[in-house]
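Worksheet for the structure shown next.
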Amino acid sequence: LTVRASSYADELVKTAKTVASPGRGILAMDESNATCGKRLDSIGLENTEANRQAYRTLLVSAPGLGNYISGAILFEETLYQSTTDGKKIVDVLLEQGIVPGIKVDKGLVPLAFSNDESWCQGLDGLASRSAAYYQQGARFAKWRTVVSIPNGPSALAVKEAAWGLARYAAISQDNGLVPIVEPEILLDGEHGIDRTFEVAQKVWAEVFFYLAENNVMFEGILLKPSMVTPGADCKERATPEQVASYTLSLLHRRIPPAVPGIMFLSGGQSEVEATLNLNAMNQSPNPWHVSFSYARALQNTCLKTWGGRPENVKAAQDALLQRASANSLAQLGKYTG
Ligand code: 13P
């Protein structure tokens, strides 16, 4: 049996390496319209296209952002959008040296006959959408599915999450997009760090089993895992050194060194916590680029500082750049606070 390789194979490897470049990580700014609405509501703004455009213009045009950020994940609306002064958002990113990416999943829905768990939709029509996104300038994709520890996870939910990610990854590579593989293990729960470690080992074993079964080229993917931490409501907290030690053990046991980059999500950690944990993981050399793909941990202060006021745009951009540069140092293991 011979397997046809993606006609984009060389480009995929190149794109993945560019995104996983030293001292840089990903700005996740791909909140769906519903999630973006929640963020805007927190600063008293209405969820209109104009407000979303103003906020995202602020983010992508922060001066020098490309020194710290190698890729930006966009929601479909933003991929086709222009800035408030009429430049294509994609072009602004390219001028900053930032690779545009696109969220391609269609979100979570209940998984029938599970323990109140969910599965991720979006495979129907994915090939043609991916081809169109590539035409529009996207070079990588993201598919986020979730696994809940308090609700199981059931064997069914883990298998479905892993299979969906693998199908998506194959379709993305076939259409020139580097897939970011994101099975988010939610922080929610009272469980300790050992339980998270156990679940994460199971999830990543299945994800790589199905990625291989779907002939996905490991050199042309990126991962977006959760760090291994105690549940959000667990009384016993972990230090950055403990989080780093558990998380790196997980990666060493489950992730082949052919994978170029591991871009962690922040998942509700505070901005500083997310930076300290990343820094702790980069205290000694790793087989992969270990970096960030944060949304909240890059944007929280920026969004608050902006507050929807044009006169605050510069201060908000400075807040974004401060988090981005701190995480850039953390990627190099050189963050000192
Ligand atoms: P957080 O960093 O806020 O968890 O978001 C990252 C992301 O893009 C989740 O898919």
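Collect the residues in the range 290-337 that are of a type in the set (Ser, Thr, Tyr) and within 19 Å of Gly267 (Cα to Cα), keeping them in residue-number order. It would help to see each step written out before you state the result.
The first filter runs over the range 290-337 and keeps only residues of a type in the set (Ser, Thr, Tyr), leaving 291, 293-294, 301, 305, 325, 328, 335-336.
Once the filter is applied, which keeps residues that are of a type in the set (Ser, Thr, Tyr) and within 19 Å of Gly267 (Cα to Cα), the range 290-337 yields Ser291, Ser293, Tyr294, Thr301, Ser328.
Can you name every residue in the range 112-136 that is part of a loop (DSSP other than H, G, I, E, B) and touching a residue at least 24 places away in the same chain (Cβ under 8 Å)?
Phe113, Ser114, Asn115, Asp116, Glu117, Gly122, Leu123, Gln136
So which residues in the range 29-40 are buried (at least 18 other Cβ atoms within 10 Å of the Cβ) and of a type in the set (A, V, I, L, M), if there are any at all? Give the derivation first.
Within the range 29-40, the subset buried (at least 18 other Cβ atoms within 10 Å of the Cβ) is 29-31, 36, 39-40.
Met29, Leu40 - these are the residues of the range 29-40 that are buried (at least 18 other Cβ atoms within 10 Å of the Cβ) and of a type in the set (A, V, I, L, M).
Checking the structure you have, find out if any residue of the range 40-53 is within 19 Å of Lys142 (Cβ to Cβ) and in contact (Cβ under 8 Å) with a residue 60 or more places away in the chain. Talk me through it step by step, then tell me what you get.
From the range 40-53, those within 19 Å of Lys142 (Cβ to Cβ) are 52; that's our starting set.
Keeping just the survivors that are in contact (Cβ under 8 Å) with a residue 60 or more places away in the chain gives none.
Among the residues of the range 40-53, not one is within 19 Å of Lys142 (Cβ to Cβ) and in contact (Cβ under 8 Å) with a residue 60 or more places away in the chain, which makes the answer no.
Which one is nearest to Pro287 (Cα to Cα), of the residues in the range 237-275 that are within 16 Å of the ligand (Cβ to nearest atom) and of a type in the set (A, V, I, L, M, F, W, C)? Can you show your working first?
Residues of the range 237-275 that are within 16 Å of the ligand (Cβ to nearest atom), as a first pass: 243, 247, 261-275.
Add one more test, that the residue is of a type in the set (A, V, I, L, M, F, W, C), and what stays is 243, 262-265, 272, 274.
On the way: Val243: 18, Ile262: 10, Met263: 13, Phe264: 15, Leu265: 19, Val272: 25, Ala274: 21 Å.
Only one residue tops the list, namely Ile262.
Can you tell me how many residues in the range 276-286 are away from the ligand (no atom under 16 Å from the Cβ) and of a type in the set (A, V, I, L, M)?
Total satisfying the criteria: 1.
Quick check on the range 1-28: of everything there that is among the aliphatic types (A, V, I, L, M) and more than 16 Å from the chain's Cα centre (by Cα), which residue is surrounded by the most Cβ atoms within 10 Å (Cβ to Cβ)?
Per the stated criteria, the residue is Leu12.
Just checking, does the range 317-328 include any residue being part of a strand (DSSP E or B), touching a Ser or Thr at 6+ places or on another chain (Cβ under 7 Å) and crowded, with 17+ Cβ neighbours inside 10 Å?
At the first step, the residues of the range 317-328 found to be part of a strand (DSSP E or B) are none.
Within the range 317-328, not a single residue is part of a strand (DSSP E or B), touching a Ser or Thr at 6+ places or on another chain (Cβ under 7 Å) and crowded, with 17+ Cβ neighbours inside 10 Å.
Quick one: what pairs do we get from the range 137-154, first residue at positive phi, second assigned to a loop (DSSP other than H, G, I, E, B), C-beta under 9 Å, 6+ apart or different chains?
Here the result reads Gly152/Ser114; Gly152/Asn115; Gly152/Asp116; Gly152/Glu117, each pair linking the range 137-154 to a residue that is assigned to a loop (DSSP other than H, G, I, E, B).
Please find, within the range 27-67, the residue that is farthest from the ligand (Cβ to nearest atom) out of those that are in a helix (DSSP H, G or I) and aliphatic (A, V, I, L, M). If you could, list the steps in order and put the result at the bottom.
Narrowing the range 27-67 to residues in a helix (DSSP H, G or I): 33-42, 49-60, 65-67.
If we keep only those that are aliphatic (A, V, I, L, M) too, we end up with 34, 40, 50, 54, 58-60, 65.
Working: Ala34: 14, Leu40: 15, Ala50: 23, Ala54: 20, Leu58: 18, Leu59: 13, Val60: 16, Leu65: 17 Å.
Within the range 27-67, the match that is farthest from the ligand (Cβ to nearest atom) is Ala50.
If a residue must be within 16 Å of the ligand (Cβ to nearest atom), crowded, with 22+ Cβ neighbours inside 10 Å and not charged (D, E, K, R), how many such residues does the range 140-167 contain?
Matching residues across the range 140-167 total 7.
Determine which member of the set Arg254, Arg237 is farther than 23 Å from Lys103 by Cα, surrounded by fewer than 21 Cβ atoms within 10 Å (Cβ to Cβ), within 20 Å of the chain's Cα centre (by Cα) and of a type in the set (Lys, Arg).
Values: Arg237 fails: within 20 Å of the chain's Cα centre (by Cα).
It is Arg254.
Against the condition more than 14 Å from the chain's Cα centre (by Cα), surrounded by fewer than 22 Cβ atoms within 10 Å (Cβ to Cβ) and either under 23 Å from Gly37 (Cβ atoms) or charged (D, E, K, R) (or both), how does Gly267 come out, does it pass? Walk me through it before giving the result.
On the way: more than 14 Å from the chain's Cα centre (by Cα): no; surrounded by fewer than 22 Cβ atoms within 10 Å (Cβ to Cβ): yes; either under 23 Å from Gly37 (Cβ atoms) or charged (D, E, K, R) (or both): yes.
In short, no.
Out of the residues in the range 292-301 that are more than 16 Å from Asp41 (Cβ to Cβ) and either surrounded by fewer than 16 Cβ atoms within 10 Å (Cβ to Cβ) or not aliphatic (A, V, I, L, M) (or both), which is nearest to the ligand (Cβ to nearest atom)?
Tyr294
Would you check if there is a residue in the range 168-177 being buried (at least 16 other Cβ atoms within 10 Å of the Cβ), over 20 Å from Leu278 (Cα atoms) and within 15 Å of the ligand (Cβ to nearest atom)? Before the answer, list the steps.
Step one: of the range 168-177, the residues buried (at least 16 other Cβ atoms within 10 Å of the Cβ) are 168-177.
After this cut, where a residue has to be over 20 Å from Leu278 (Cα atoms) as well, the list is 168-177.
Cutting the leftovers down to within 15 Å of the ligand (Cβ to nearest atom) gives us 168.
Checked the range 168-177: at least one residue is buried (at least 16 other Cβ atoms within 10 Å of the Cβ), over 20 Å from Leu278 (Cα atoms) and within 15 Å of the ligand (Cβ to nearest atom).
Taking Leu108 as the residue in question, decide whether it is surrounded by fewer than 17 Cβ atoms within 10 Å (Cβ to Cβ) and of a type outside the set (D, E, K, R).
On the way: surrounded by fewer than 17 Cβ atoms within 10 Å (Cβ to Cβ): yes; of a type outside the set (D, E, K, R): yes.
Yes.
Quick check on the range 212-233. Is at least one of its residues out of contact with any Leu (no Cβ under 8 Å at 6 or more places or on another chain) and farther than 30 Å from Ala138 by Cβ?
Taking every residue of the range 212-233 in turn, at least one turns out to be out of contact with any Leu (no Cβ under 8 Å at 6 or more places or on another chain) and farther than 30 Å from Ala138 by Cβ.
Picking from Gly137, Gly107, which residue would you name as being under 28 Å from Ala20 (Cα atoms), in contact with a helix residue (DSSP H, G or I) (Cβ under 9 Å, 6 or more places away or on another chain), within 16 Å of the ligand (Cβ to nearest atom) and of a type outside the set (Val, Ile, Thr)?
Working: Gly137 fails: within 16 Å of the ligand (Cβ to nearest atom).
Only one candidate passes the filter, namely Gly107.
Return a yes/no flag: does the range 88-105 have any residue that is exposed (fewer than 14 other Cβ atoms within 10 Å of the Cβ) and not acidic (Asp, Glu).
Step one: list which residues in the range 88-105 are exposed (fewer than 14 other Cβ atoms within 10 Å of the Cβ), which gives 95.
Restricting the remaining residues to those that are not acidic (Asp, Glu) gives none.
No, there is no match, as no residue in the range 88-105 is exposed (fewer than 14 other Cβ atoms within 10 Å of the Cβ) and not acidic (Asp, Glu).
Looking at Pro183, is it modelled with pLDDT of 95 or more, within 16 Å of the ligand (Cβ to nearest atom), in a loop (DSSP other than H, G, I, E, B) and not hydrophobic (A, V, I, L, M, F, W, C)? Steps first, please.
Details: modelled with pLDDT of 95 or more: yes; within 16 Å of the ligand (Cβ to nearest atom): yes; in a loop (DSSP other than H, G, I, E, B): no; not hydrophobic (A, V, I, L, M, F, W, C): yes.
It is false that Pro183 is modelled with pLDDT of 95 or more, within 16 Å of the ligand (Cβ to nearest atom), in a loop (DSSP other than H, G, I, E, B) and not hydrophobic (A, V, I, L, M, F, W, C).
The values are calculated or read from the model by the stated rules, or taken from the named source; none is laboratory data. Here the structure is a predicted model, which means the values were calculated and not measured. Note that we place each Cβ from the backbone using ideal geometry, even for glycine, and neighbour counts take in every protein chain shown.
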